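Below: the structure, in structure tokens.
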Amino acid sequence: MNMKTAYVHGYLPREARRLYDQADTLAPLLHAGTAYPAGSWVLEVGCGVGAQTVYLARNSPRARIVAVDHSEESLAQARAYLREQEPDADVTWRTADLLHLPFKEAEFDHIFACFVLEHLWEPGKALATLRRLLRPGGTLTVIEGDHGSAVFHPDSPHAHEVIGHQVRLQAAAGGNALLGRELQPLLSGAGFGNVVIRPRTVYADRTRPALVDGFTRNTFIAMVEAVRDDALGIGLTTAADWDRGITDLRRAAEDDGTFHYTFFKAVAVNPMS
Ligand SMILES: C[S@@+](CC[C@H](N)C(=O)[O-])C[C@H]1O[C@@H](n2cnc3c(N)ncnc32)[C@H](O)[C@@H]1O
């Protein structure tokens, strides 16, 4: 893994599956309150395989969505997915780096970014760049997780250790898996006004089997498990310690286990002057 440039989650098919599972499981929680007026121009940055785009299109059926990612392969999957799921959606796809977007100042009414800032070296700079693309009075919606919010039963230092390895690998690749807690100062520092942060908590136990499967297993544990080879490859841990931590973490998805995680959803406004 090239630690300077690698994207911690990678682009394998299992990651695309994880992004779809994550979006489908969390849509009622994360997309509640996000709907854009007919005719408005909405930019989605870091759209990936279109897992969130489909909900943007569904909840704002007459908005004009422009979805951007720097991975052409992900965009091809996103295009096919939307064609299948929301064939009437008004979505234009663009391959671009979000720090060098090919758009004019004030071109958009709204911008949406989900699980993207956490992968950037300079999220504050990215936010300032995005703000210039918003018309005065336009809104930015950002959703990020924070792995420090993972609280589970049975508790285990070995399980926390493997989560810590994911956090360390993401940091080594220039990202920050603990970004959720920083959204308020980041957005204010980038010049946004009316910054409102709404924590959105997921709690799963045996009484909520869809969340145990869709979130605890297929989203969170799957994400941590996927960095095994990288963690071993750079000597962060041994195979035995890794396997012990993952085994303990999986206990949180068993019948007597529980799992809690908090996402942070921010909505902010580009000031009028
Ligand atoms: C964790 S995925 C999230 C995808 C999607 N937003 C979702 O929630 O399913 C992060 C996405 O951001 C994209 N990305 C990361 N850095 C980027 C950059 N500098 N410019 C454009 N896209 C970027 C990655 O290619 C990836 O598709």
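In region 203-239, how many residues are within 25 Å of A6 (Cβ to Cβ) and small (G, A, S)? Adding up the residues that qualify gives 6. A Cβ distance below 7 Å, combined with a sequence gap of six or more or placement on separate chains, defines the contacts here; from region 125-147, residues that are more than 22 Å from A177 (Cα to Cα) reach residues that are at pLDDT 95 or above and within 11 Å of the ligand (Cβ to nearest atom) in the pairs L133/L101.
I'd like the residue in region 75-115 that is within 12 Å of the ligand (Cβ to nearest atom) and aromatic (F, W, Y) and, out of all such residues, is nearest to the chain's Cα centre (by Cα). My answer is F115. Taken over region 200-214, the criterion of being over 17 Å from D146 (Cβ atoms), surrounded by 15 or more Cβ atoms within 10 Å (Cβ to Cβ), touching a residue at least 60 places away in the same chain (Cβ under 8 Å) and among the aliphatic types (A, V, I, L, M) is satisfied by L211 alone.
Scan region 177-199 for residues that are crowded, with 20+ Cβ neighbours inside 10 Å and of a type outside the set (G, A, S) and the total you get is 5.
Within region 94-115, the set of residues being in contact (Cβ under 8 Å) with a residue 40 or more places away in the chain, within 15 Å of D69 (Cβ to Cβ) and in contact with a strand residue (DSSP E or B) (Cβ under 6 Å, 6 or more places away or on another chain) comprises L98, I111, F112, A113, C114. Checking the conditions here, which among G245, G257 is farther than 24 Å from A126 by Cβ, in contact with a strand residue (DSSP E or B) (Cβ under 8 Å, 6 or more places away or on another chain), surrounded by 15 or more Cβ atoms within 10 Å (Cβ to Cβ) and touching a residue at least 12 places away in the same chain (Cβ under 8 Å)? Checking each option against the conditions leaves just G257.
So that you can scan it fast, the table gives a plain yes or no per residue for (1) more than 8 Å from the ligand (Cβ to nearest atom); (2) in a helix (DSSP H, G or I); (3) within 12 Å of the chain's Cα centre (by Cα):
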site: R14; (1), (2), (3): yes, yes, no
site: L19; (1), (2), (3): no, yes, yes
site: Q22; (1), (2), (3): no, yes, yes
site: P28; (1), (2), (3): yes, yes, no
site: T34; (1), (2), (3): yes, no, no
site: G39; (1), (2), (3): yes, no, no
site: V42; (1), (2), (3): yes, no, no
site: G48; (1), (2), (3): no, no, yes
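Evaluated against (1) of a type in the set (D, E, K, R); (2) over 30 Å from L178 (Cβ atoms); (3) in contact with an Asp or Glu (Cβ under 6 Å, 6 or more places away or on another chain); (4) within 15 Å of the ligand (Cβ to nearest atom), E118 falls short on exactly one condition, (2). Taking region 159-273 and the helices (runs of 4 or more DSSP H) fully enclosed by it, the elements with 3 or more residues that are within 30 Å of F112 (Cβ to Cβ) and aliphatic (A, V, I, L, M) are at 183-189, 222-225.
The values are calculated or read from the model by the stated rules, or taken from the named source; none is laboratory data. The structure presented is a predicted model; accordingly, all values stated were derived computationally and were not measured. Ideal geometry is used to build each Cβ from the backbone, glycine not excepted, and the neighbour counts take in all protein chains shown.
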